[in-house]
1. Please compute the length gained on full extension between Leu179 and Leu37, using 0.36 nm multiplied by the number of residues separating them and subtracting their Cα-Cα distance.
2. Order of 102-109, 187-194 by packing, highest average Cβ count within 10 Å first?
3. If R0 is 25 Å, what FRET efficiency do you get for Ala19 and Val167 from their C-beta distance, rounded to 0.05?
4. Could you check the spin-label model distance between Asn57 and Phe92? Points 7 Å from the Cα along Cα→Cβ, value in nm.
5. Suppose R0 equals 41 Å; then what is the FRET efficiency for Ala10 and Arg130 from their Cβ-Cβ distance, rounded to the nearest 0.05?
Amino acid sequence: MDGNLLDDPARLKAERDAADRAYNEALTRLDRALQQLPADFPHPPPPPDEHQITPINTLWKITPSAGTGLKRRLAAAVQRAVAPLFEQQQAFNSAVVDHINRNVRVGRETHAAAATTLRLLHDTIADLVRFQSVLVMYAQQITPYVDTRDRDVAGLLRGLSGAINAVADELMKRSEALLARDIRRDAQIAALEAQVAELRTRLEALPHSTAPRA
């Protein structure tokens, strides 16, 4: 870490404030981007209309009325005359009914697939919205968590600083005590040296006072 930054609390605070503003702005954008489940979510299409399926499957075959007597003979003559037309119409009816019946099954499966897809899409979007909500709540907890950790670190630093100060005070007291002892020792040594000097002076003067007189 840059030593100048540690020596400049104002600069450190400004950078922390800028980081806090940037984080809060990013959190606001994240919150605004939170998706919502559409209120008018599409519904599956209606199932195929099978109202006329049974009549179609019953009425597609042409069956001429037999009748009796003259009517029967006349119907038979007409039937022989228009038999090719009846056969063509019968084939057409059969193809139409077969096509309708096949498309009814396709319509049922298409309806079921559309309903399943829309339900899955609805549930997926709902799960995504819940995840985004949880993500925003998690992001909102980062700052209080970091602040708590900062307070813990600050408390540890204060405790460490107090311990260092206590040790420094103790060392200072011991240093002062040692200095005072050294001063006292120096004073004692100086006093002792003075006494020794005085005694030497007396000893040097002693022979003159005891010399024999003429």
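Every read-out reported here was derived from the displayed coordinates using simple, explicitly stated rules and does not represent laboratory data. No experiment lies behind these values; they were computed from the predicted model shown. We place every Cβ from the backbone using ideal geometry, glycine too, and count neighbours over all the protein chains shown.
1. Computed gain between Leu179 and Leu37 is 43.1 nm.
2. 102-109, 187-194
3. The calculated FRET efficiency here is 0.10.
4. Once both label points are built, they end up 2.4 nm from each other.
5. 0.40
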